[in-house]
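Trainee: Following this message is one structure expressed as structure tokens.
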Ligand code: ATP
């Protein structure tokens, strides 16, 4: 099969880690009966400066008309670009795995997935200031909560069948009260173990005993914060990939920002982007029932695991390789993995 992929390289380290992931995708095309027609689109700070918009209409149309899309991080214009895309294309499920790997120093053993509602909460962006008083409206709807809870159940069923619902319903009694009620209702009938935690207690429990968590279901803002914490426990932002999934489109991206402090130095960790690519291929495989896409995703995951263990790492993870060198090694590893079955 041939798939159309929209690729936004983004800002800062985005182009460097994208190039490394493209090298891996090319090695997939060369070794498996699957191919990709990659089209590049503008997004983020540079796009804003050069084209007057952080999210040009052409980019939105490009994502809509592609089979899958993937982006590098963006800088200061995140709200106008990525947050806007999530809402425009109704990419309501943000899936953020946090997994510790042998070979990378980590604060605790973790293998969890944060399932974060992606279109509402304070990130709806309804804010105003009147006479020195700033107000932000927090939107939590039954519809959005129900559908994200369904996604959490789908993941839990395939894993340890355990969901932790994170909220602060003891204080935010109406908004988080609704999230809690609807989520527990939705998860109650599927043979899952469901527990709940207040978000402050959750941030502590994640550090104290991260191994206990499987699927973590949360509203948008808590999920944003907890996923950075979980990735740090797992070994750092350089290994954190994510998916934004809706009924009609999907978009895959690293969890981290554009890392302006290391941009252009050739030392950015490309695993976050390569693992986002693996998530994209897995999604294509499931949604199109394509075994080759599933095989491609599994090949990348295996090679990633082996390479991390084998010390193929950039300096942030204690290694000495450049972004390009890691990309090249992963591409070579994927080809060998596929050829040797
Ligand atoms: P932004 O404003 O775009 O979010 P930021 O620097 O505030 O950028 P991040 O980009 O998320 O936030 O980076 C936080 C820290 O993690 C920085 O020190 C950065 O260098 C480091 N970092 C993030 N991603 C990577 C990566 N892929 N490889 C190596 N270091 C990274």
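Trainee: With a ≥ b ≥ c taken as the square roots of the eigenvalues of the C-alpha gyration tensor of the stretch 1-60, please select rounded if a/c is under 1.5 and otherwise prolate if a/b is larger than b/c or oblate if it is not?
Mentor: Note, shape of the stretch 1-60 comes out oblate.
Trainee: Give me the percent of DSSP beta bridges within the chain that run antiparallel, rounded to the nearest 5. It would help to have the intermediate numbers written out before the result.
Mentor: Numbers: 20 of 45 bridges.
So the antiparallel bridges amount to about 45 percent of the total.
Trainee: Quick one: angle between helix 199-208 and the longest Cα principal axis of the chain, in degrees between 0 and 90, rounded to 10, please.
Mentor: Tilt of helix 199-208: around 40 degrees.
Trainee: Using 7 Å Cα-to-Cβ label points, what is the residue 170/residue 301 separation (nm, one decimal)?
Mentor: Computed distance between label sites residue 170 and residue 301 equals 3.7 nm.
Trainee: Next question, about the same structure. Take the chain, drop everything but the C-alpha atoms, weight them equally and run the Debye formula without solvent; then report log10 I(q)/I(0) at 0.09, 0.11, 0.14 Å⁻¹ to two decimals.
Mentor: Normalising to I(0) and taking log10 leaves -0.46, -0.70, -1.16.
Trainee: Can you give me the Rg/Rh ratio for the stretch 290-341, using Cα atoms for both radii and the Kirkwood formula for Rh?
Mentor: So for the stretch 290-341, dividing Rg by the Kirkwood Rh gives 1.03.
Trainee: Multiply the residue gap between residue 124 and residue 291 by 0.36 nm, knock off their C-alpha separation, and tell me the result in nm, one decimal place.
Mentor: Fully extending the segment from residue 124 to residue 291 adds 56.4 nm.
Trainee: Once you have a ≥ b ≥ c as the square roots of the Cα gyration tensor eigenvalues for the stretch 211-341, tell me rounded if a/c is under 1.5, and otherwise prolate or oblate according to whether a/b is larger than b/c.
Mentor: oblate
Trainee: Right, something else. What ranking of 195, 228, 176 emerges when the number of other C-beta atoms within 10 Å of each C-beta is taken as an exposure proxy, fewest first?
Mentor: With the fewest neighbours first, 195, 228, 176 line up as 195, 228, 176.
Trainee: Same structure, new question: Below 8 Å between Cα atoms, with a sequence gap of 6+, how large is the relative contact order for the stretch 9-135 in percent?
Mentor: Answer for the stretch 9-135 is 21 percent.
Trainee: Using a Gaussian network for the chain with springs between C-alpha atoms less than 10 Å apart, which of these wobbles most: 29, 232, 131?
Mentor: Looking only at 29, 232, 131, the largest GNM fluctuation is found for 131.
Trainee: For the stretch 75-219, take N as its residue count and report Rg(C-alpha) divided by 2.2 N^0.38 Å. Kindly include the intermediate steps, with their values, before the conclusion.
Mentor: On the way: Rg = 16.4 Å, N = 145, 2.2 N^0.38 = 14.6 Å.
This ratio for the stretch 75-219 stands at 1.12.
Trainee: Something else now. Using a 10 angstrom cutoff on alpha carbons, build the Gaussian network for the chain and name the most mobile of 270, 260, 15.
Mentor: Highest fluctuation among the options: 260.
Trainee: Using alpha carbons only, how many degrees (0 to 90, rounded to 10) separate the axis of helix 271-287 from the longest principal axis of the chain?
Mentor: The answer is roughly 80 degrees.
Trainee: Within 10 Å of each residue's Cβ, count the other Cβ atoms and sort 55, 184, 281 from fewest upward.
Mentor: In increasing order of surrounding Cβ atoms, one gets 184, 55, 281.
Trainee: Let me ask another. Any chance you could list the semi-axes, whole Å, largest first, of the equivalent ellipsoid that the Cα gyration tensor gives for the stretch 175-216, using √(5λ)?
Mentor: On the way: eigenvalues 86, 44, 5 Å².
Square roots of five times the eigenvalues give 21, 15, 5 Å.
Trainee: Using alpha-carbon positions, what is the distance between the centroids of the stretch 173-195 and the stretch 90-117, in Å?
Mentor: The two parts, judged by their Cα centres, are 21 Å apart.
Trainee: Further, regarding this structure: Given an 8 Å cut-off on Cα distances and at least 6 residues of separation, report the relative contact order of the stretch 107-234 as a percent. Working shown, then result.
Mentor: Details: 226 pairs, mean separation 52.0, N = 128.
Value for the stretch 107-234: 41 percent.
Trainee: How high is the relative contact order of the chain, in percent, counting Cα pairs under 8 Å that sit 6 or more residues apart?
Mentor: Across the chain, relative contact order equals 24 percent.
Trainee: Sorted from fewest to most neighbouring beta carbons within 10 Å, what does the list 154, 322, 218 look like?
Mentor: Values: 154 13, 322 18, 218 29.
Ascending number of Cβ neighbours within 10 Å: 154, 322, 218.
Trainee: Roughly what angle does helix 291-309 make with the longest principal axis of the chain, taking Cα atoms, 0 to 90 degrees, to the nearest 10?
Mentor: In the chain, helix 291-309 runs at an angle near 90 degrees to the longest axis.
Trainee: What number, rounded to the nearest 500 deg cm²/dmol, is the helix-based mean residue ellipticity at 222 nm of the chain, given -39500 (n - 2.57) per DSSP H run of at least four residues and division by all its residues?
Mentor: That comes out to -13500 deg cm²/dmol.
Read the figures in this text as sums done on the coordinates, not as results from a lab. Everything numeric here is computed off the predicted structure, so don't read it as measured data. Virtual Cβ from ideal backbone geometry, glycine too; neighbours counted across all protein chains shown.
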